[in-house]
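Values quoted throughout were computed directly from the atomic coordinates according to the rules given, and no laboratory measurement underlies them. Just so it is clear, the structure is predicted and the values come from calculations on it, not from any experiment. Virtual Cβ from ideal backbone geometry, glycine too; neighbours counted across all protein chains shown.
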């Protein structure tokens, strides 16, 4: 797997892996790059180039292990990025799949119970994902951002009070696996739906599920490999 | 998608032929045997059981007696009812239904065929695994399943692991969808 470097042209990077498009969108970088390099674009958009590179390299290559370098970043950058990813799921990817399933239901003329089953299963998944994201944004992210602040101020006393309410250990314990249901739904469609529905629409649903699953896996990898160790390290430093 | 193998046995030649065409053209069903006479070859096809779904007239099915009924699972037979009946039963196809209704009934019955029946490669779930799956979808915990089936909790866990690896489905809600799709937990069809 090629390591993405600052001097590379953004257009070449997208030619190499077009799945990175929604990822760079989260940094406000959109199509029409011309011949600009990653470095140029980051400068233009006032993005921390190293941070940007770590994120897209983590997405691009599952084996890429960023931790060390990323520890030097401001944790608020990471939180901002993760929140943008959440928005992307809830306002774009989930509605896209819902829309496709709706179309499938509309094209079904009779005996559509199986599709209703699929549709309600996806509805359940949406509820689960929304709750999961809500919990992270209401409890976990504010905690992390406060830890980041206390770390900057070297305020161990403040941390002592905060640590009574929450900790990264608790987050790790409560952080549930959000991609299992998605995996099941994909597999049910691939292996067990055998009625003559519109194949192109069915394929589109499966494609989108694959995409969402991959994106969520990459997202979880960033949480596990970057967010958790960074915060745990700050917590340790703040402990008296 | 492997196509469903079907057999048609019905005393009226035109109806038999019509059903055959319908299944082939609209549902891509592989009709391996169709006849308007219940002769030796028809009986042989039935006892071979090399099909997923058998469309047979109710009278003929009754006439075949216990020998045949034992071999066929309720899922694999669709009785064709010649007389008008007010109450529709699960695995019966009425001859006087409207086009819309008859297509829906066939589609429903094809849908309840479990993949192990329509897919010759790879074994399906064992009887015991199906029992465990049913209890899982009813929301029972491993401990409760162990008590109900009178087996150890370790055996239950082993069964669940097998079910998950065989089906590729991990969550309880996913397993429930699978069970409904395959008629394992739908009302009148399970054993």
Each residue of B:177-184 has, on average, a number of other protein chain C-beta atoms within 10 Å of its C-beta equal to 4
Residue by residue through B:165-171, how many Cβ atoms from other chains fall within 10 Å of the Cβ on average? 6
I'd like the orientation of helix A:113-135 relative to chain A: the angle between its Cα long axis and the longest Cα principal axis, in ° from 0 to 90, rounded to 10. 10 degrees
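For the peptides A:138-149, B:134-145, what is the packing order when you average, over each peptide's residues, the other Cβ atoms within 10 Å and list the highest mean first?
Peptide ranking by packing, descending: A:138-149, B:134-145.
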Nearest-0.05 FRET efficiency for residue A:153 and residue A:232 at R0 = 30 Å, using Cβ-Cβ distance, is 0.95
Average partner coverage of A:114-122, which counts Cβ from other chains inside 10 Å: 2
Given a Förster radius of 45 Å and the C-beta distance between residue A:239 and residue A:96 as r, what FRET efficiency does 1/(1 + (r/R0)^6) yield to the nearest 0.05? 0.50
Cut-off 14 Å, label point 7 angstrom out along Cα-to-Cβ of residue B:98: give me the residues of region A:105-125 whose amide nitrogen falls inside. A:110-111
Starting from the alpha-carbon convex hull of region A:10-64, give the projected area averaged over all orientations, in nm². 3.5 nm²
Once a ≥ b ≥ c are taken as the square roots of the eigenvalues of the Cα gyration tensor of chain A, is the result rounded (a/c under 1.5), prolate (a/b larger than b/c) or oblate (a/b not larger than b/c)? oblate
Per 0.36 nm of contour for each residue apart, how much would the distance between residue B:150 and residue B:40 grow if the chain were fully extended, relative to their Cα-Cα spacing? 35.1 nm
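Give the relative contact order (percent, whole number) for chain A; include only Cα pairs under 8 Å separated by 6+ residues.
The value is 25 percent.
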